[in-house]
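Single-structure report; data block below.
The values are calculated or read from the model by the stated rules, or taken from the named source; none is laboratory data. All figures in this text were calculated on a predicted structure; none of them were measured in a lab. Because the Cβ atoms are built from the backbone with ideal geometry, glycine has one as well, and the counts that use them run over all protein chains shown. Accessible surface areas use protein heavy atoms only, side chains included; no ligands, DNA or RNA. Shrake-Rupley method; radii C 1.70, N 1.55, O 1.52, S 1.80 Å.
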Amino acid sequence: GAVPGNKPGINGIASVELMIIKILDGGDEEDKDVASAIYYAVDNGARVINMSLSKYFSPNKKLVDKAMRYAESKGVLLVKAAGNDNCPIDKYPCYPNQFLSKRKLLKNFICVGSIEARGRVSDFSNYGKKSVDIFAPGDFIFSTVLEGKYRRLSGTSMAAPMVSGVAALIWNYFPELTVAQVRQAILEGTTSWKGRYVNLPGNEKKLVNFGELCVSGGILNALQAVKIAERMS
């Protein structure tokens, strides 16, 4: 949430207000708390919910799904970190996710994997041709921490806010766009890496086509996303 033109530390790209919602003190977050947090954020004016959470068991998935459908009905975008276990989450589902059933998907959900600065996929990032939508910078990111300080941090929890920030940027300029349009602009505006062979997370000796690692086959491109949004507007 850094302001644009913040010379001492991080130069933000959008004018935003932040609502911080804490749902756990270590361990796995409980589904009832995830759902409650989503309802709370939506009812208090959030347009983008950045979810820095990821787990492989969801005993009350329907509870969370109902909350996410509520967010969808209110035009709120959900952006979720893919997770940091170099795991193929098409095979081993990670929650929350956009799959309400085998045939029904949320239309307001973006799952984000991580790339590093050298043009490689982050070794820790989860991936999935059906389950991860896009990749964004998430490795060794200079970021804010408590007490007005800065640190370099890594994880898909650093990549997801990049996407959330671009969504905020688009809505700064084009507040009339729907959540579906903003999502479409971000995913269609990617820099395509399809056909580019990259390291498979967790196995540097194996190269795979980047198009096999996420739905869009691309990485976040703020400028192109804004251009597409402008055409929509």
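A few notes on this one:
- Sparsely packed GluC sites (Glu not before Pro) within region 1-103, loop by DSSP, other Cβ within 10 Å at most 11: Glu17
- Shown here for region 127-215: GluC sites (Glu not before Pro) in loop regions (DSSP other than H, G, I, E, B) with at most 14 other Cβ atoms within 10 Å, namely Glu147, Glu176.
- Greater than 22 Å apart at Cα, pairs in Lys102/Lys129; Lys66/Lys91; Lys62/Lys102; Lys61/Lys104; Lys55/Lys130; Lys80/Lys227: Lys66/Lys91; Lys80/Lys227
- Carbon/sulfur fraction of accessible area - region 168-233, other protein chains in place, 1.4 Å, %: 49
- Put a plus charge on the Cβ of each Lys and Arg, a minus charge on the Cβ of each Asp and Glu, and nothing anywhere else: the dipole of region 152-233 about its Cα centre is then about 260 debye.
- For the set Arg103, Arg47, solvent exposure ranked by accessible area (probe 1.4 Å, protein chains only) runs largest to smallest as Arg103, Arg47.
- Net lengthening on full extension, Val208/Tyr56 (0.36 nm per residue, minus Cα-Cα): 52.3 nm
- Cα centroids of region 1-78 and region 176-233: 21 Å apart.
- The chain, relative contact order [Cα under 8 Å, separation at least 6], %: 18
- With contributions of -39500 (n - 2.57) from each DSSP H run of at least four residues, the per-residue ellipticity at 222 nm computed over the chain stands at -9000 deg cm²/dmol.
- Only Lys, Arg (+1) and Asp, Glu (-1) charged, at Cβ; the chain dipole about Cα centre in debye: 620
- Diffusion constant of region 152-222 at 20 °C, which comes from Stokes-Einstein with the Kirkwood Cα-pair radius and 1.002 mPa s, µm²/s: 157
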